[in-house]
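Right, one structure below, let's go through it.
Read the figures in this text as sums done on the coordinates, not as results from a lab. If you're wondering where the values come from, they're calculated on a predicted model, not measured in any experiment.
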């Protein structure tokens, strides 16, 4: 018997839970986990690279409390327009990522990301800024922090 992902309109190899709102022109890569169970909005023109996990829930308190904390916590995630999320990054519940931001590959986003920030690491921290002021500049798009 072969397993398959539930159908979704973005990528046949993505696991999508709940009903996320995804903007026009957004691309979602293979082997992603898109959790819309707690409320998920992804803006227009985003690229969500392969292996990314976006979570709007956590069962950590329920688990470690031996189920005395009976609920699965849920908080919405909002991802702005034209955001790039690199391969295998994780976005935790309750996070907002601003427009035109970049999340580096493998980053774990645990706090809000400002618009046009470049974040990387575990936990993700601002490591640069997106600069779209001069498209003829060879450094167009990225500047160090």
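Using a Gaussian network model of the chain whose springs link C-alpha atoms within less than 10 Å, name the residue from 101, 30, 70 with the highest mean-square fluctuation.
Taking springs between Cα atoms under 10 Å, the residue moving most is 70.
Assuming a ≥ b ≥ c are the square roots of the Cα gyration tensor eigenvalues, decide whether the stretch 73-126 counts as rounded (a/c under 1.5), prolate (otherwise, with a/b larger than b/c) or oblate. Spell out each step's value before the answer.
On the way: a/c = 1.62, a/b = 1.12, b/c = 1.46.
Note, shape of the stretch 73-126 comes out oblate.
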